[in-house]
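Chemist: Just passing along the structure, written as structure tokens.
The values are calculated or read from the model by the stated rules, or taken from the named source; none is laboratory data. No experiment lies behind these values; they were computed from the predicted model shown. Cβ coordinates were reconstructed from backbone atoms using ideal geometry, including for glycine residues, and neighbour counts include every protein chain displayed. Remember, those area values only see protein heavy atoms, side chains included, never the ligands or the DNA or RNA. Shrake-Rupley method; radii C 1.70, N 1.55, O 1.52, S 1.80 Å.
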Amino acid sequence: MSWVSRVVNVFRGDRLNREIDEELQSHLEEAREAGRDPAEARDALGSRLRLREASRDVRLVAWLDSLRADAVFGWRQLLKRKLTSAVAILSLALGIGACTSAFRLIDALLLRPLPVSDPGQLYALARQVVDFDGKLHSSGDWAYPDFELMRKAAGGQAELIAVSYADRTDLTFGSDEEMEKAYRQYVSGYMFSSFGLRPAAGRLFTAADDAKPAAAPYAVISYNYWASRFGRDPRVVGRTFRIGDKLYQIVGVAPDGFTGTEPGTMIDIFLPVMMHPGVLHSDWEWMRTLARIKPETAMEPLRARLDATSRAFEEERAKGFSGMPKEEIELFLRQKLVIQKAGAGASDLQDNFRVSLAVLGALVALVLLIACANVANLMTAQAEARAREMALRVSIGAGRRRLIQLVLVESSWMALFAAALGAAFAWWSAPLAVGMLSPPEDPTRLFLPMDGRVLSFGLVLTVVVMLLMGCAPALRASAVRPASTLKGGENPRSRRRLMHALIAVQAAFCFLVLFVSGLFVATFQHLSHQPTGFSATGVLTLETVASQPQLPAIWDQVTEHLRQVPGVESVSLASAALMSGSSWNNFISVNGAPPNSILAYMLSASPGWLDTLKIPLLEGRDFLATDAYPGAAIVNQTFARTYFGSQDPVGKPFVVIFGQGQQLKFQVVGLVGDVTYRDAREPILPQTYFPFHQIDARGALQPLAHGTFIVRTSGANPMALASLLRREVPRARPGFRVSNIRTQTSINESHTVRERLLARLGLFFGLVALLLAAVGLFGMLDYSVIQRRKEIGIRMAIGAQPGDIAWRVIASVLTMVVAGAGVGLALGFAVARYVQSLLYQVKPTDLAMLAAPTVTIFAAAILAALPPVLRAVKIDPAQTLRSE
């Protein structure tokens, strides 16, 4: 009989049995027709049951048939315990789904190779330096002239590729009223050919597009942008659009799947690197340097050669740093070039969330382990209840392997159902988590396919879960002693020891999850309640551009017009909003002395800006309409302490030293309170504010093309005025356009996106872990009370008090909880050191950090233990002893 037929026969069941019975009966009929006595024929044929089994073994695959039988039996067992099975499956599904969702995020951001040829050969160049505080700083920023020198030095061993940082820009395919947002990236012309990419339409850039600055006003759009914006219209090739005052022509469409080199950002438009205004500036570090290194290249000699080339460039550039502190120049020149793997791309999002996602993955893995321990405990209890069944199976010939298979198959049913529900949870939750990685106005865009990588991970995870929750019960079930069990002599303490150990494991992992989650929640609370020194409530920021640079008087007219809009309390102008990511700094010299190593941070603002943001003026005055840059300046308290010590700064002069040796003199006219300039995690920086109006060397006012209106509204929801203010700006002055509107509150909150994500997910998984551990503890104690019912009845009959009974029920389990919490605390301290960079003003050894998870886990243990304890103390000794 063929192997295929034997496999098919496994699933024929009763039909195969009927065929075998019919064949046996035909043999008996033949003997009777031959004149033999029917009884003699039956005796000669032998045992009908033995013959049927022997015939079945020949006609089918025996091991597959036993597996099928165990699967049917396991399915019946699940249906027999619907509620218990449902709880176990749901807890496992949550763990599997969370793990799969975390893997989708980690894979999309950190692991998935770029869709280019030989991504393993792709690297990124960066520089590292240890600062005066002993901290390692890394930067991937490069100036284009430096890049060109390194590209020549690489020779034929590596091909260096310039790619800018992705940014969101305004563009229009028509008039200014039809402006839209798109993500752009400047790239080397030969990047596409180096990556082995072919156009979906038109052509891609070539090395000829890098020949001369500003000489190739062309664009390649991504396939995704082509599909979403133009519906894959092939006529898009040749169309033009405008960014600022530059007109670009679309020459092609990138292939499907390639959305740039920055995971987390899907590029819409690629532009030639030579169209960037910084290609000729040695002091503009605006791009990354990628390298495709040939496999046979020795990495260290190449790195050393590139490092020497870059160092020579920086030393030459440092000669122009007149006025810059000597120690800062030395630190700058101590930078070391490093080569880092970039097969999965390179982005700031990777740097910001690498540790966070690792911690998130660890948390969900712990939750899954708790769920597995919970189900393992449940199955161990069920195995105890089925001990007589297992003993009977062994007595009639079942081997150890068959019993292990029986329990593992039942575990497989639960794992498969949990995996199916977990896949649905992962499909829903992963995009939700991506939405929490960045603020709504600048969303993260990650490619999250449910492809073979994710399915393979899910399959491996399902098998691991099946083994984790099924191995211990299976081994315990297979170790049954038939004689002892059938006589009722099996010692239940040995089984309880295993269950107690699993309770300790759950307690340890639960404590660890709660402890780490508490650190993240405390960090988020500290950061979100960190004083900023200004009032963000009710404030809108309107980033505005003019089609042509306009004189300050025109900007003032628009400001005055906005003040008349109903619902507006005050309006002022600034070069940028506080904490918006815009940063401008230089060194300061006072009384002709050399500058120290501390940078001062700067911002331009109009009269009334202090009042709009409610920044307290401590001394001196606000700007006047006649003040201009350079000239008057307002400084904060940190600036005054840093550069003037205990002296009154108002009326005193200082000099700003720029990178190329230019120096401008200012006089302090006001002192204000400290405000957060850039990041809530940073200490307050020395800050100076200059007038929004600027004059040149001849004293003539300079026209400005960009500015940010700071608008304080009177309503509870400032965004209710957003549309109206967007219309009023061009109405006040044609040619003005609002590029972006954000509330100051949302800008402030954008600095706690990572902390909010960790706090929310940590708190969620902490509660899930606590619930699972409590359910496991309840199940263990309930099983223990049932198993010790006779013992408890005897103790109560001889005078034991309810308190003594309650203590005997929970003592051993609480000991395991205490032991598990101790192990969890030790693990928590180890994890805290790893996540130290994610914490803010939080010490793991603080009493509150230790007390919160301890109190929580013991409160949950007491609540979980209460129903079984009440059941134990209500046992009727007489009735129990009679039933026994």
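Chemist: Specify the residue that is modelled with the lowest pLDDT; the eligible residues are those in the range 81-98 that are crowded, with 22+ Cβ neighbours inside 10 Å and not aliphatic (A, V, I, L, M).
Modeler: This residue is 91.
Chemist: Report the residue count in the range 565-590 for those that are open to solvent by 40 Å² or more (accessible area, probe 1.4 Å) and at positive phi.
Modeler: Number of matching residues: 1.
Chemist: While we're on this one: Tally up the residues in the range 206-242 that are open to solvent by 20 Å² or more (accessible area, probe 1.4 Å), under 27 Å from residue 280 (Cβ atoms) and touching a residue at least 40 places away in the same chain (Cβ under 8 Å), please.
Modeler: Result for the range 206-242: 10.
Chemist: Identify the single condition in (1) open to solvent by 30 Å² or more (accessible area, probe 1.4 Å); (2) of a type outside the set (S, T, N, Q); (3) at pLDDT below 90 that residue 78 does not satisfy, given that it satisfies every other one.
Modeler: Exception for residue 78: condition (1).
Residue-wise test of (1) of a type in the set (Asp, Glu); (2) under 24 Å from residue 509 (Cα atoms); (3) at pLDDT below 85.
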{"site": "414", "(1), (2), (3)": "no, yes, no"}
{"site": "419", "(1), (2), (3)": "no, yes, no"}
{"site": "454", "(1), (2), (3)": "no, no, no"}
{"site": "461", "(1), (2), (3)": "no, yes, no"}
{"site": "469", "(1), (2), (3)": "no, yes, yes"}
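Chemist: For the range 643-652, check the following and say yes or no: at least one residue is assigned to a helix (DSSP H, G or I), without any contact (Cβ under 8 Å) to a residue 60 or more places away in the chain and open to solvent by less than 50 Å² (accessible area, probe 1.4 Å).
Modeler: yes
Chemist: Next up: Name the residue, out of 812, 837, 784, that is among the polar types (S, T, N, Q), assigned by TED's automatic domain parsing to the domain that holds residue 525 and under 17 Å from residue 374 (Cα atoms).
Modeler: 784
Chemist: Moving on to the next point. Report every pair of residues separated by at least 6 positions or lying on different chains whose Cβ atoms are under 6 Å apart, first residue within the range 334-347 and under 13 Å from residue 310 (Cβ atoms), second part of a loop (DSSP other than H, G, I, E, B).
Modeler: From the range 334-347, no pairs qualify.
Chemist: Would you check if residue 618 is over 39 Å from the mean Cα position of the chain (by Cα) and outside any loop (DSSP other than H, G, I, E, B)?
Modeler: It is true that residue 618 is over 39 Å from the mean Cα position of the chain (by Cα) and outside any loop (DSSP other than H, G, I, E, B).
Chemist: Being open to solvent by 20 Å² or more (accessible area, probe 1.4 Å), farther than 15 Å from residue 690 by Cα and not polar (S, T, N, Q) is true for just one of 562, 599. Which residue is that?
Modeler: Selected residue: 599, the only one of 562, 599 that is open to solvent by 20 Å² or more (accessible area, probe 1.4 Å), farther than 15 Å from residue 690 by Cα and not polar (S, T, N, Q).
Chemist: On to the next question. Just need a number here: residues in the range 163-199 that are open to solvent by 20 Å² or more (accessible area, probe 1.4 Å), of a type in the set (Phe, Trp, Tyr) and in contact with a strand residue (DSSP E or B) (Cβ under 6 Å, 6 or more places away or on another chain).
Modeler: 2
Chemist: Looking at the range 253-367, what strands (runs of 3 or more DSSP E) fall wholly within it and have at least 1 residues that are among the charged types (D, E, K, R)?
Modeler: 287-293, 336-341
Chemist: Could you please tell me which pairs satisfy a Cβ distance under 6 Å, a separation of 6+ or placement on different chains, a first residue in the range 683-698 that is assigned by TED's automatic domain parsing to the domain that holds residue 653, and a second residue that is open to solvent by 50 Å² or more (accessible area, probe 1.4 Å)?
Modeler: So the pair list comes out as 694/702; 695/701; 696/702.
Chemist: Within the range 100-112, can one find any residue that is farther than 30 Å from residue 470 by Cα and either touching a strand residue (DSSP E or B) at 6+ places or on another chain (Cβ under 9 Å) or hydroxyl-bearing (Ser, Thr, Tyr) (or both)?
Modeler: The answer is yes; a qualifying residue exists.
Chemist: Could you check the range 833-855 and list, in sequence order, the residues that are under 19 Å from residue 528 (Cα atoms) and either open to solvent by 100 Å² or more (accessible area, probe 1.4 Å) or of a type in the set (S, T, N, Q) (or both)?
Modeler: Within the range 833-855, 836, 837, 841, 843 qualify.
Chemist: Let me ask something additional. Output yes when any residue across the range 783-790 is in contact with a Phe, Trp or Tyr (Cβ under 8 Å, 6 or more places away or on another chain) and surrounded by 16 or more Cβ atoms within 10 Å (Cβ to Cβ), and no when none is.
Modeler: no
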